[in-house]
1. For the range 1-74, what class follows from the C-alpha gyration tensor (a ≥ b ≥ c being the square roots of its eigenvalues): rounded when a/c is under 1.5, otherwise prolate if a/b is larger than b/c, else oblate?
2. Quick one: helix 27-37 against the long Cα principal axis of the chain, what's the angle to the nearest 10°, folded into 0 to 90?
3. Exposed loop sites here are trypsin sites (Lys or Arg not before Pro) in DSSP loop states with at most 14 other C-beta atoms within 10 Å. What is the longest stretch of the chain lacking them?
4. Calculated from DSSP H runs of 4 or more alone, at -39500 (n - 2.57) each and per residue, what is the 222 nm mean residue ellipticity of the chain, nearest 500?
5. Taking N as the number of residues in the chain, what is its Cα Rg relative to 2.2 N^0.38 Å?
6. Roughly how big is the range 30-119's charge dipole about its Cα centre, with Cβ charges of +1 (Lys, Arg) and -1 (Asp, Glu), in debye to the nearest 20?
7. Once you mark the chymotrypsin sites (Phe, Trp or Tyr not before Pro) that are in a DSSP loop and have at most 15 other Cβ atoms within 10 Å, what is the longest gap between them in the chain?
8. Within the range 62-153, report the GluC sites (Glu not before Pro) that DSSP leaves as loop and that have at most 15 other Cβ atoms within 10 Å.
Amino acid sequence: VTVSASLREPWASLPGQLRERGLRWTPQRRTVIEVLAETRGHITGAELVERCRVLDLTVVPSTVYRTLDVLEQLGVVRHGHGADGRQEFHVGSETDHGHLHCATCENQWEITEPQAGAIAELFAPQGFALEASHVTIVGQCRTCRERATRAFG
Ligand SMILES: [Zn+2]
Ligand SMILES: [Zn+2]
Ligand SMILES: [Zn+2]
């Protein structure tokens, strides 16, 4: 694994930003950043720990979670919650979005921006601002519903 000189933004300027927040720039932290820089879409904390430990067995979960906290404060990652409530991190330039989760096949789809807007409208009268990345709606997808209809209908 090579040095962070080859990383693009927003990753390249992280060593300085982490130091400003009192976190030392260690080889373990560099591994966390390098794995995240290669990640597209979603990753759970446990998956991140696992991928880091493939590269460097000295990476411990507390380093990974502490780094994730600071990266979220810096806006580089953003957490949401899966159907079981566990945290999932969105990495990269992805927009803030919620998810539809099929309880039967466990597949997941993104809630589109217009859909998220329509959901947010529902709560506007209460003056409540919805965080789209925290919305996970559990149900049954079309394929699973059709399969169930064929089986019982
Ligand atoms: Zn949360
Ligand atoms: Zn399904
Ligand atoms: Zn997502």
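1. Values: a/c = 1.30, a/b = 1.21, b/c = 1.08.
It is rounded, given that a/c, with a ≥ b ≥ c, falls under 1.5.
2. For 27-37 against the chain, the angle is about 40 degrees.
3. The reported range is 87-153.
4. Working: 6 runs with 64 residues, N = 153.
Mean residue ellipticity, 222 nm, calculated: -12500 deg cm²/dmol.
5. On the way: Rg = 18.7 Å, N = 153, 2.2 N^0.38 = 14.9 Å.
Normalised Cα radius of gyration, the chain: 1.26.
6. 240
7. Looking at the chain, 26-127 is the longest stretch - no exposed chymotrypsin sites (Phe, Trp or Tyr not before Pro) with at most 15 other Cβ atoms within 10 Å.
8. Working: sites: Glu72, Glu88, Glu94, Glu106, Glu110, Glu121, Glu131, Glu146; in loops: Glu94, Glu106, Glu131.
Those satisfying the criteria are Glu94, Glu106, Glu131.
The values are calculated or read from the model by the stated rules, or taken from the named source; none is laboratory data. Since the structure is predicted, the reported quantities are computational estimates derived from the model, not experimental observations. Glycine also receives a Cβ, built like all others from the backbone with ideal geometry; neighbour counts cover every protein chain displayed. Ligands, DNA and RNA are stripped out before the accessible areas are found, and what is left, the full protein with its side chains, is counted by its heavy atoms. Shrake-Rupley method; radii C 1.70, N 1.55, O 1.52, S 1.80 Å.
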